[in-house]
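The values are calculated or read from the model by the stated rules, or taken from the named source; none is laboratory data. Predicted model, so just to flag it, every value in this text is computed and none were measured. Virtual Cβ from ideal backbone geometry, glycine too; neighbours counted across all protein chains shown. With ligands, DNA and RNA removed, areas are computed over all heavy atoms of the protein, side chains included. Shrake-Rupley method; radii C 1.70, N 1.55, O 1.52, S 1.80 Å.
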Amino acid sequence: MKLLVDIGNSRVKWTTMDNNGLNESQSFDRNKSGIKASLNKVWKTLSEIESVYVANVAGEKIAAQLTEWTEKQWNLTPKFIQAEKKHFGVTNAYDEPAKLGIDRWLSLISARQHARLAQCIIDCGTAITVDIVTKAGQHQGGMIIPGISIMKSSLVNNTDALTTDTDDQEFKTLATNTYSAIQTGTLYAVTATIERIISDLKESFNNRIRFIITGGDAQALLPLLSDDVHYYPDIVLKGLAFYARQDKAKPAEKNKSKAQKSQISSDVDGQEKTETAADVTDKTAPNTVETSTENDNPSPETITEEKKKPARKPRKTRATKPKSPAKTKKQASDPSLPEEAI
Ligand SMILES: Nc1ncnc2c1ncn2[C@@H]1O[C@H](COP(=O)(O)OP(=O)(O)O)[C@@H](O)[C@H]1O
Ligand SMILES: CC(C)(COP(=O)(O)O)[C@@H](O)C(=O)NCCC(=O)O
Ligand SMILES: [K+]
């Protein structure tokens, strides 16, 4: 079994992967003082882990802690994946490809496999990132926007009277208390930005573009966005799975020192690989729990459907009854989407 880990600036998301595909993902909050206690809690009972693949945007300290833990517990050194110039049919548009956040790179790889249209990935985590990949796999670049929690905390941290410390869960367009005003303001800031991006990109791509939303705040934003934004959970972990499958035939790496810490970055030196995800995907796997069907047939021409993931437990800050610009969300499995697929 392979362990896939997506370390963001707020949370760690992880799952295991076997011949049947990915198991249901889990997450825990990053404790600023370290992750060892969390790892002892969530991974102690995992057995038969043969390799560990990590996408980390949260810095060296957490990488070192994770490495120390897996080496001690399983005698395994994690493979920290890095963004590349070209791989799995996707070409990185960054001036310095390795500088693109690994979460963004893996999202591009995941998204590109599932439709025969250009794709725009909107990842609503600590930061909100927007990335575009064309039908031909060319990354077009993107943008980075403060995430909802950061927007709220910057208001609270830079004013005297503002606080989000309340149990009020109400979303009111015109708020009558401080908490709701912050809630409404930040949600409007984000949704208005996203809608503007969508509108501009639709024009640029002559409507031949598909919009994907993911990340911890995606489900809170989804009801506030237009119908043509599709929820795609665990997109980073699914991107990691392409790397994990690629290494299928290789034996697990053991007993490596930290200096030898494996980094899959063979394309960074400019050498382009020719394989696409189709070359490395386990097509025999029934893919029982994944919410996208990259296992079944990863060709970009393939039409697949998203199965609905059980809703996360409601949180305090979630918008409950949005008035505007709320519309009913069309799910990605909508059969009226003939050539778009996740
Ligand atoms: N169960 C949860 N625990 C913590 N944060 C959550 C949870 N569900 C949603 N969130 C939201 O998700 C955001 C983090 O999203 P995530 O995609 O995990 O970010 P990152 O990848 O930057 O760690 C938080 O800012 C928070 O608003
Ligand atoms: C933009 C990000 C901070 C987003 O991180 P996240 O919100 O997922 O924690 C991350 O992708 C990152 O550190 N990127 C490197 C810089 C870049 O992509 O340009
Ligand atoms: K993000």
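Data for the structure
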{"item": "Every residue from region 126-147 that is within 11 Å of ligand 2 (Cβ to nearest atom) and either out of contact with any Asp or Glu (no Cβ under 7 Å at 6 or more places or on another chain) or of a type in the set (Val, Ile, Thr) (or both)", "result": "126, 127, 128, 129, 130, 131, 141, 143, 144, 145, 146"}
{"item": "Candidate set from region 131-140 (those that are open to solvent by less than 10 Å² (accessible area, probe 1.4 Å) and part of a strand (DSSP E or B)); member that is nearest to ligand 3 (Cβ to nearest atom)", "result": "131"}
{"item": "Pairs where the first residue, in region 120-132, is of a type in the set (D, E, K, R) and the second is part of a strand (DSSP E or B) and within 6 Å of ligand 3 (Cβ to nearest atom), C-beta under 9 Å, 6+ apart", "result": "123/129; 131/123"}
{"item": "Helices (runs of 4 or more DSSP H) wholly inside region 1-112 that include at least 1 residues being more than 12 Å from ligand 1 (Cβ to nearest atom), β-branched (Val, Ile, Thr) and surrounded by 16 or more Cβ atoms within 10 Å (Cβ to Cβ)", "result": "60-74, 102-112"}
{"item": "In region 113-125, the residues that are open to solvent by 10 Å² or more (accessible area, probe 1.4 Å) and within 11 Å of ligand 2 (Cβ to nearest atom)", "result": "123, 125"}
{"item": "Check on residue 148, closer than 21 Å to residue 29 by Cβ and in contact (Cβ under 8 Å) with a residue 12 or more places away in the chain", "result": "yes"}
{"item": "Filter pass, residue 52 being within 20 Å of the chain's Cα centre (by Cα) and either of a type in the set (D, E, K, R) or over 23 Å from residue 129 (Cα atoms) (or both)", "result": "yes"}
{"item": "Cβ pairs under 8 Å, 6+ apart, first in region 92-105 and more than 14 Å from residue 127 (Cα to Cα) and more than 6 Å from ligand 2 (Cβ to nearest atom), second among the aliphatic types (A, V, I, L, M) and open to solvent by 40 Å² or more (accessible area, probe 1.4 Å)", "result": "97/268; 98/268"}
{"item": "Count - residues of region 124-138 that are small (Gly, Ala, Ser), more than 15 Å from residue 232 (Cα to Cα) and within 16 Å of ligand 1 (Cβ to nearest atom)", "result": "1"}
{"item": "Residue list for region 211-238, restricted to those being more than 16 Å from ligand 2 (Cβ to nearest atom), open to solvent by less than 20 Å² (accessible area, probe 1.4 Å), in contact with a Leu (Cβ under 9 Å, 6 or more places away or on another chain) and within 26 Å of residue 7 (Cα to Cα)", "result": "211, 229, 230"}
{"item": "Any pair with Cβ under 6 angstrom, 6 or more apart, that starts in region 33-55 at a residue that is on the phi < 0 side of the Ramachandran plot and ends at one that is part of a loop (DSSP other than H, G, I, E, B)", "result": "49/1; 50/252; 51/252; 52/78; 54/78; 55/81"}
{"item": "Single unsatisfied condition, residue 276 versus (1) surrounded by fewer than 20 Cβ atoms within 10 Å (Cβ to Cβ); (2) modelled with pLDDT under 50", "result": "(1)"}
{"item": "Residue 128 crowded, with 21+ Cβ neighbours inside 10 Å and within 15 Å of ligand 3 (Cβ to nearest atom)", "result": "yes"}
{"item": "Residue count for region 113-123, restricted to those that are in contact with a helix residue (DSSP H, G or I) (Cβ under 9 Å, 6 or more places away or on another chain) and away from ligand 1 (no atom under 16 Å from the Cβ)", "result": "4"}
{"item": "Residue within region 162-171 that is touching a Gly at 6+ places or on another chain (Cβ under 9 Å), hydrophobic (A, V, I, L, M, F, W, C) and either at pLDDT 85 or above or at negative phi (or both) present", "result": "no"}
{"item": "All positions within region 104-125 that are near ligand 3 (Cβ under 10 Å from one of its atoms) and within 18 Å of residue 204 (Cβ to Cβ)", "result": "121, 122"}
